[in-house]
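Colleague: Dropping the structure in here first, questions after.
Quick note: the coordinates plus some simple rules give every number you see, no bench work behind them. It should be emphasised that the depicted structure is a prediction, and the values quoted were computed from it without experimental measurement. Ideal geometry is used to build each Cβ from the backbone, glycine not excepted, and the neighbour counts take in all protein chains shown.
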């Protein structure tokens with residue numbers, strides 16, 4: 001029997017981590033964050049799948065495909081956090097834990113970043129801890145599954 005799966009989703013522009021606004025988002029690449037998440041998951045007997053997309057529909061398709069297949073979802077929806085109600089609806093139909101993740105703290109930034117359409121359907125949010133947030137978010141998902 002294979003390990004249960006945690007799905008890690010990364011939204012728009014996160015493929016530019018390490019290059020884009022390092023004072024806000026840090027100097028680590030998305031691949032480095034995914035490696036941290038994968039290592040954390042594997043230590044606890046979980047497999048990690050990762051998908052990054054700049055397209056909302058691709059993320060919605062991945063969330064729908066995770067139903068009855070993945071134990072939990074960790075999502076850094078990036079800018080989609082603030083207006084992508086389709087992602088909200090897809091996450092609402094997922095029965096496992098959903099952890100919202102942000103490298104920075106959106107509530108300490110511009111007012112338009114204060115609204116999250118993900119938060120109302122998330123089990124919890126990890127925000128403002130930079131790259132450490134990836135391990136924290138995977139750990140939170142695993143604790144919710146215990």
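Colleague: Exposure proxy check: 46, 83 ranked by fewest other beta carbons within 10 Å?
Modeller: With the sparsest Cβ surroundings first, the list reads 83, 46.
Colleague: Label-point separation (nm) for residue 123 and residue 32, each offset 7 Å from Cα along Cα-to-Cβ?
Modeller: Each label point lies 7 Å from its Cα, and together they span 2.8 nm.
Colleague: Could you work out the helix-only [θ] at 222 nm for the chain, with each DSSP H run of four or more residues adding -39,500 (n - 2.57) and the total divided by the number of residues, to the nearest 500 deg cm²/dmol?
Modeller: On the way: 5 runs with 51 residues, N = 146.
After summing the helix terms and dividing by residue count, I get -10500 deg cm²/dmol.
Colleague: Follow-up question, since we're still on this one. What does the convex hull of the alpha-carbon atoms of region 11-79 project to on average, in nm²?
Modeller: Details: hull surface 19.5 nm².
That works out to 4.9 nm².
Colleague: Using a ≥ b ≥ c from the Cα gyration tensor of region 87-146 (square roots of the eigenvalues), is it rounded, prolate or oblate, where a/c under 1.5 gives rounded and otherwise the larger of a/b and b/c decides, a/b for prolate?
Modeller: Note, shape of region 87-146 comes out oblate.
Colleague: Only counting other Cβ atoms within 10 Å, I'd like 69, 113 sorted with the fewest neighbours first.
Modeller: Starting with the residue having the fewest Cβ neighbours, the order is 69, 113.
Colleague: Just to be sure I follow: if Rg is taken over the C-alpha atoms of the chain and Rh is the Kirkwood radius over the same atoms, what is Rg/Rh?
Modeller: Over the Cα atoms of the chain, Rg/Rh equals 0.93.
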